[in-house]
Amino acid sequence: MTDHGHTTHTAEDDLRNRDIRIYVNGEIVHRDAAKVSVYDAGFMLGDGMWEGMRLYNGTWAFFDEHMDRFFASCKAVSLDVGKTRQELLEALNATARANGMTTDVHCRLMLTRGIKDKPFQHPKLSTTGPTLVIILEHSKPVESLSSRGIRLATVPQVRGLPHAQDPKLNSHSKLNCIIACLQAEAADADEALMLDPHGFVNTTNACNFFIVRKGEVWTSTGDYCMNGVTRQKVIDLCRANGIPVFEKNYSLYETYGADEAFLTGTFGAQTPVASIDGKPIGTGERPVTARIRALYKELIRQHTGG
């Protein structure tokens, strides 16, 4: 049976998280007191945007890039953030201080359209202004993510076309990915490998996906997936360090025959893939992945002064 505790977001257990303090609309309260209304548009309709970030040595890694995506997503759905980037940074730092957090911290920053006057869909029914929530947790990936890797299963659920719901939006509406998770679980895998509408390999339910073939790094075109900050940093690092990298269409045939495969995301950075649809990837040796992980770790050190 599937080890339900082993996913790309599996963290080491940290008892301190039972007493964290959470930012809710300007107040920082114990997690047991952190509440939003049942009339909130995020709860009722999944009407909101979010960002996942990490804190290293008192610095939010790639804060500007995350804010670029966050503000662009909010603009795309006419969601007024209600704060400047600097004000959001101050709220993040205040929440970190309230928790005594400085490093190995994961953040989920969430903004919804706010409380609705009536339990219906129209955005104009949200009249109170947005709801902003910041959850910070002490969070380090478990060692097995790097050593054992992730088992993926290709699932029928796809990332859709931009005119349906653009997968570039980091929205609260995650049902598409949740269905993919359920399908992967039914296939006795850790997570789902999702195809694009044309049948090419795209992304997983939670992370961006890369393969390595004969020293070349391949990832999807990016047209049908979340354009992750870590994804772009890996592409940039490859280009800067002489590693051939391609954003292209490729099939499951090419994926099954890859020498290496890995996932990228803010939490796990680069997580190796052990198998796809029960087929082991390569020999288990991962020299290109290891080099990229080292380059990324050094980039974080340079960016955060760690």
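Around the amide H of Tyr250, modelled in the peptide plane, lie the amide H atoms of Val201, all under 5 Å away and 5 or more residues distant in sequence or on another chain. How far is the Cα center of segment 206-251 from the Cα center of segment 287-305, in Å? Computed from Cα coordinates, the inter-centre distance equals 15 Å.
In summary, the lysines within cross-link reach of Lys118, defined as a Cα separation below 20 angstrom excluding same-chain residues under 8 places away, comprise Lys35.
Think of segment 15-138 as a dipole: +1 on every Lys or Arg Cβ, -1 on every Asp or Glu Cβ, centred on the Cα centre; then among Phe120, Leu92, Ile135, Phe120 lies furthest on the positive end.
Restricting the calculation to alpha carbons of the chain gives Rg and Dmax of 19.4, 58 angstrom. Across the alpha-carbon atoms of segment 33-88, the computed radius of gyration and Dmax are 13.3, 38 angstrom. In this structure the amide hydrogen of Leu193, modeled in the peptide plane, comes within under 5 Å of the amide hydrogens of Ala153, Thr154, Val155, none closer than 5 places in sequence on its chain. Each Lys or Arg adds one and each Asp or Glu subtracts one; over the other residues with Cβ under 15 Å from the Cβ of Asp117, this totals +2.
Take the Cα of Ala290, go 7 Å toward its beta carbon, and the backbone nitrogen atoms of segment 241-275 under 20 Å from that spot belong to 241-244, 258-264, 269-275. If you take every residue apart from Ile135 with its C-beta less than 12 Å away from the C-beta of Ile135, what net charge results, scoring Lys and Arg +1 and Asp and Glu -1? Summing Lys/Arg as +1 and Asp/Glu as -1 gives +1. Compared with the direct C-alpha span, the chain from His122 to His303 gains 60.9 nm at full extension, assuming 0.36 nm per residue.
The modelled label-to-label distance between Ile179 and Ala98, using points 7 Å beyond Cα along the C-beta direction, is 3.7 nm. Ordering Val229, Val273, Val142 by the number of other Cβ atoms within 10 Å of each residue's own Cβ, fewest first, gives Val142, Val229, Val273.
The trypsin sites (Lys or Arg not before Pro) of segment 15-45 that DSSP puts in a loop, and whose beta carbon has at most 14 other beta carbons within 10 Å, are Lys35.
The phi torsions of segment 256-262, fed into the Karplus equation with coefficients 6.51, -1.76 and 1.60 and a -60° offset, translate into couplings of 4, x, 5, 7, 8, 8, 8 Hz, rounded to whole numbers, with Gly and Pro shown as x.
Of the trypsin sites (Lys or Arg not before Pro) in segment 111-214, the ones in a loop by DSSP (not H, G, I, E or B) with at most 12 other beta carbons within 10 Å are Lys214.
Over all distinct Cα-Cα pairs of segment 15-138, the Kirkwood formula returns a hydrodynamic radius of 14.9 Å. Take the Cβ atoms of Asp19 and Thr59, set R0 to 30 Å, and the FRET efficiency comes out at 0.80. The amide H of Lys116, built 1.01 Å from its N in the peptide plane, has Asp40, Ala41 as neighbours under 5 Å, considering only residues 5 or more places off or on other chains. In sequence order, segment 76-90 has phi-based couplings of 4, 10, 6, 9, 6, 5, x, 9, 7, 4, 5, 5, 5, 4, 5 Hz under the Karplus curve 6.51 cos²θ - 1.76 cosθ + 1.60, θ = phi - 60°, and Gly or Pro positions carry x.
Readers should treat all values here as calculations from the given coordinates under stated rules, not as data from a laboratory. Just so it is clear, the model here is predicted, and its values are computed rather than measured. Methodologically, a virtual Cβ is constructed for each residue, glycine included, from the backbone with ideal geometry; neighbour enumeration extends over all protein chains shown.
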